[in-house]
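One structure is given here, and the rest of the page talks about it.
The values are calculated or read from the model by the stated rules, or taken from the named source; none is laboratory data. Computed from a predicted structure; not experimentally measured. Ideal geometry is used to build each Cβ from the backbone, glycine not excepted, and the neighbour counts take in all protein chains shown. Side chains are part of the model used for accessible areas, which takes the heavy atoms of the whole protein and leaves out ligands, DNA and RNA. Shrake-Rupley method; radii C 1.70, N 1.55, O 1.52, S 1.80 Å.
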Amino acid sequence: MALDKDVFAGGVAVVTGAGSGIGAGLARRAGALGMIVVVTDINEAAAADTVAAIEAAGGKAEAEKVDVSIPEELERLAELVFDRHGEVRLLINNAGIETVGYTWEVPAARWEATLNINVHGVIHGVRAFVPRIIASGKEAWIGNLSSVGAFGQMPGQTAYTVTKHAVQAFSECLYLEMELKNLPIHVSAIVPGMLRTNIFNAEAGAGEPDNAAAHRRAMFEMMRDYGMDLDEGCRLFLEQMAENRFWVHSQPEMSEQIIGGRVKFLQEQIPPIMPDLARQIAVD
C-alpha cells in the first residue's frame, strides 16, 4: 500500500480552486486515496464537475462555491467543514490565476484580483483553518501552491511571479511557526513545473491588456505540447506530502535548474538575467 493512502485515506480534504487544473487533479487524487473531498471553486458548475468525476470513480466529495479573495468566505468555509466533519486532514490552498501583461499596462482591477486570489487566498485559507485544526488536536497536512516561478523572473508575467514569490516565503515561515509551536501540522510548498492545465487558456485572460493575448497563447501551446500529464503530477504531489516533505515538486530537474539560477543571482548580485523564453514570446 502506498504511503499516501496510509496517511490520507479516510480523512477530509479541502482543495480550493478545484474546479479545474491542478486543484481538480489534486481533488481527484485525494478522492482516489479514500478521502472525503470538499471541492471549492468560485465556479459552482466546475466544482460540481470535479465532484461528479470523483464520485464516478467511487470516491466521496461535495462542492462548495467559495471566492478565496474574500477572507470571510474562507472563514465560512472552515466553519462549515468543521461543523459537518469535525476535522481536516489535508488542506490545499491552490486557487490562483495567471496574469499576463507589462506591469504598467495591467489594469488595477486585474492586479488586485491576482494579489487577492493568489496571495490573500492562501494566507486567509491558513488563518481560517489552522486554529480549528489546532483545536481538533489531530495531525494535518497543508500544501500551498508555489511555482518554479517563485524562484525566477519573467517579464510580462510580473503579477503572477510576485504572488508566487510571496506564497513561497509565506510557506517557509509557516513551516517554521509549526515547528516553533511543536504542532503536528506539516507544511509543504507545492512547486509545479510545467503541467498540462488551462491556466493560460484565452478566456482566463479577461481583464488583461489586449496585447497580452499572443504571450498567453504561446504559453498555452508550450504547456500543451511539453507539459507533464496533470494526474501524474498530482499523484507525485500527494506522495511527497505524505512523506512530510516541505519541498514538493512535479519536475525536480526543472526546479533544480531554476533554483540554481536564483542562487547564482543572489550570491553574485548580478542584474536579473533575461530568460530565453521571454524573448521568444515577448509581449508586443
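Odds and ends about this structure:
- Computed log10 I(q)/I(0) for the chain at 0.15 Å⁻¹: -1.14, from the Debye equation with unit scatterers placed on every C-alpha and solvent omitted.
- If only the Cβ of Lys and Arg carry +1 and only the Cβ of Asp and Glu carry -1, the dipole of the chain around its Cα centre is close to 360 debye.
- Gain on full stretching of the segment that runs from I134 to R279 - 0.36 nm per residue minus C-alpha separation: 47.4 nm
- Given +1 at the Cβ of Lys and Arg, -1 at the Cβ of Asp and Glu and no other charges, the dipole of segment 184-249 around its Cα centre is 100 debye to the nearest 20.
- Normalised by 2.2 N^0.38 Å, with N the number of residues, the alpha-carbon radius of gyration of segment 129-284 equals 1.16.
- Each of E75, E177, E64 has its accessible area taken with a 1.4 Å probe; listed largest first, they run E177, E75, E64.
- By a 1.4 Å probe calculation restricted to protein chains, M219 has an accessible surface near 20 Å², given to the nearest 10.
- In Å², nearest 10: area of D229 left accessible to a 1.4 Å probe: 80 Å²
- Measuring between alpha carbons in the structure, the pairs from K60/K181; K65/K164; K164/K264; K65/K181 lying more than 31 angstrom apart are K60/K181; K65/K181.
- Sequence of I133, I258, I42 when ordered by accessible area, the most exposed leading, probe 1.4 angstrom: I42, I258, I133
- Ordered from highest to lowest accessible area with the whole protein assembly present and a 1.4 Å probe, Y160, Y226, Y175, Y102 read as Y226, Y175, Y102, Y160.
- Furthest towards positive pole of dipole, Q153, I185, G233, structure part segment 145-284, Cβ charges: Q153
- Potential lengthening between Y226 and A9 on full extension [0.36 nm per residue; Cα-Cα distance subtracted]: 74.9 nm
- Shape summary: segment 181-271 maps onto an equivalent ellipsoid whose semi-axes, from the alpha-carbon gyration tensor, are 28, 21, 14 Å in decreasing order.
- Surface accessible to a 1.4 Å probe, K5 within the full protein complex, Å²: 80 Å²
- Normalised per residue, the accessible area of the chain is 46 Å², obtained with a 1.4 Å probe and no contribution from ligands, DNA or RNA.
- Gap separating the Cα centres of segment 154-211 and segment 17-77, nearest whole Å: 19 Å
- Pairwise FRET efficiency - R76 versus E203, Cβ, R0 = 35 Å, nearest 0.05: 0.80
- Dipole of the chain computed with +1 at Lys/Arg Cβ and -1 at Asp/Glu Cβ about the Cα centre; of I117, M35, A140, farthest Cα towards the positive end is A140.
- Efficiency of FRET from Cβ geometry, N182 and R217, R₀ 41 Å, rounded to 0.05: 0.25
- Local net charge near F246, Cβ-Cβ under 14 Å (Lys/Arg +1, Asp/Glu -1): -3
- Apportionment of accessible area to carbon and sulfur, the chain, percent (1.4 Å): 55 percent
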